[in-house]
1. Given the DSSP H assignment, sum -39500 (n - 2.57) over each helix run of at least 4 residues in the protein assembly as shown and divide by its residue total; what's the result at 222 nm in deg cm²/dmol, nearest 500?
2. Using a 10 Å Cβ count of at most 14 others and DSSP loop calls, identify the longest part of chain A lacking such GluC sites (Glu not before Pro).
3. Just to confirm the number: angle between the C-alpha axis of helix A:316-329 and the first principal axis of chain A, 0 to 90 degrees, nearest 10?
4. Roughly how many whole Å is it from the C-alpha centroid of the stretch B:192-210 to that of the stretch A:290-331?
5. Kindly identify the protein assembly as shown as rounded, prolate or oblate by the Cα gyration tensor criterion: order the square roots of the eigenvalues as a ≥ b ≥ c, call it rounded if a/c is under 1.5, otherwise compare a/b with b/c, prolate if a/b is larger, else oblate.
6. Quick check: Cα centre of the stretch A:64-111 to Cα centre of the stretch B:172-187, how many Å?
7. Rounding to the nearest 20 debye, state how big the charge dipole of the protein assembly as shown is about its Cα centre with +1 on each Lys and Arg Cβ and -1 on each Asp and Glu Cβ.
8. Between the stretch A:125-200 and the stretch B:109-169, how far is it from one alpha carbon centroid to the other, in angstrom?
Amino acid sequence: MAVIRDVMPNFDLVQPASLADARKLLDSDPDNVWLMAGGLDSFDWLKDRIRKPKTVVDLTGIDEMRGVRAWNDGIEIGPLTTLTDVVNDPMVKAKYSILSQAAELVASPQIRNQGTIGGNVSQDTRCWYYRSGWPCYRAGGNLCYADTPVGRNREHAILDAQRCVAVSPSDSAPALIALDAKFVISTKNGEKTIDAQDYFLGPAIDITHMTILKPGDILTAIRIPGTWANSKFYFEKIRDRNVWDFPLMNIAAAMKMSGNTITDARMAVAGAAARPWRLTDVEAQIKGKTADEATGKAAGELAVKDAVPLQFNAYKIPLMKNLVKRAISGVQEATWEA
Amino acid sequence: MSDTPGLNILGNEPSNPGRRRFIQGVIASGVAVSAMQYRFMQTARGQSSAGAERLITLNVNGQTRRVGVLKQETLAWTLRYKLGLTATKLGCDRAECGACTVTLDDTAHYSCSVLTHTVRGKKVVTVEGLASPDGTLHPVQQGVIDEQGFQCAFCMSGFMMAAAAFLKKNPNPTRAEMAHGVSGNLCRCQDYDKILTALMKAAEHTRRANNVA
Ligand SMILES: Cc1cc2nc3c(=O)[nH]c(=O)nc-3n(C[C@H](O)[C@H](O)[C@H](O)COP(=O)(O)OP(=O)(O)OC[C@H]3O[C@@H](n4cnc5c(N)ncnc54)[C@H](O)[C@@H]3O)c2cc1C
């Protein structure tokens, strides 16, 4: 659709200074409120007139939800921490460099200076049909415009698609899943803590939402346990341009090693399915194996076992195989295979 | 969903009444525009915007500015159309080009994607505010003049603000580091090589200025 370049339609802007105040606001009118942190996912929706909330709640005044602190044997990251601050945080760098690496590969410097980690994991998909306001399944309609013989679906899903073929676009989410992070959510009925991977929903569970958040819920903390600190990490992001572009696919892996033997592993990719896709089968298969080419290759095959390509995204299957292989056995000199 | 989803594709009101309201709104707020001192385009959907403005105080380029701002107004809009600071350009209005880059508390941001109400209490600097009050040019300005880095220069203010923020933290970058530092800015003339030469000259001026200080 045409890009509209004028002032957004009216909304009321509320700027609470504490979580308690935000909670009160949300409890009173959860359905007409749009939460905004850095705004870098929100603005498109508002500017394009596709979402028209009555009230926008600017969360950035809630200082208690910002910053990185020690938590048990790990760390707790406030969701309002900007990606730049995540990248540069000494504790993140020292123990969880994979997260710092993933956050550094997001978008552009200005976006990282403002976009928050909470917003990064809570952002909506980038399927352009959906984002342009087409009445697709994800928008509550009864059609997928991307999954047709002429649909532009080079960026779309190869795994776990059901009616909707949109993918999770987040670079930080797979890293947080690999680190076994826990997300703390404030709801109208109190607080709950869930595993990072359970924060994200596939279309079979909820076709119109990417995350488990219900109206009125706030993500209040991301906790990373010490379990995977300083394990062997691998993060790689494949994109068209080296700046700005969302991942065509990325991979995050954390492996515990004894010599060259993998004793335990966690692995996830984004850009393959509607949610960041944890590779549990691969994790189980490589346990106890040597981190070599053969293990990597077999793991790659297993990872794409259930993959179903669309018209223009079959390249994602060899791409994913290779990413899994590289995560396990490292990056070798390129050799061409027909 | 409306009953006629096909007509709702653009997210507008589904049928004619919406369009009529839109046109009426444009006409009505067009009247309002002429009554205002600044040039202010009407918002689509025809809200009369003037009533919803709140008078707030901003710190822009070291000055205290009082300005009436809509809740939903972006900083780029306020700077350009309310404060007359038109060096900040609006390219894409979608955080995808960098032309609107300004600094907030010395950090580079896309002003098209910042709500003006959220920068109260912050130090906003645009390219108009780079030079010292005594007229001494900022090292980035001097570098750009020395090397004549830009071609059409629509992207220039944004690049200069991104570079100024970057150099504040990294006064001694390699060319590759500088390129990474300003990687959130696009130049449609593809003049990157000369831009980088100018910005590396700016780095040199920055170090010289830091040594003197
Ligand atoms: C041009 C462009 C390029 C981009 N490239 C990339 C990329 O390469 N990789 C990548 O991963 N991302 C990319 N992004 C997305 C960007 O990184 C995210 O949109 C950003 O991190 C979101 O953070 P935010 O704070 O700005 O989000 P916001 O827009 O403020 O929020 C995003 C969503 O999360 C919700 N939300 C935010 N915080 C909370 C909270 N605490 N509790 C509950 N809900 C919350 C909001 O309601 C909203 O729905 C890009 C964005 C743009 C505009």
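1. Values: 17 runs with 162 residues, N = 551.
So the calculated ellipticity at 222 nm is -8500 deg cm²/dmol.
2. Values: sites that count: A:E333, A:E337.
Longest gap between qualifying sites, sites excluded: A:1-332.
3. Orientation of helix A:316-329: about 70 degrees from the principal axis.
4. That distance is 44 Å.
5. Values: a/c = 1.67, a/b = 1.25, b/c = 1.34.
Here the protein assembly as shown falls in the oblate category.
6. 22 Å
7. Working: 64 positive and 56 negative charges, 177 e Å.
Charge dipole of the protein assembly as shown: 860 debye, to the nearest 20.
8. 37 Å
Any read-out appearing in this document is the output of simple, stated calculations on the displayed coordinates, not a laboratory observation. Note that the coordinates shown come from a computational prediction; the quantities given were computed from them, not determined experimentally. Note that each Cβ is placed from the backbone with ideal geometry, even for glycine, and that neighbours are counted across all protein chains shown.
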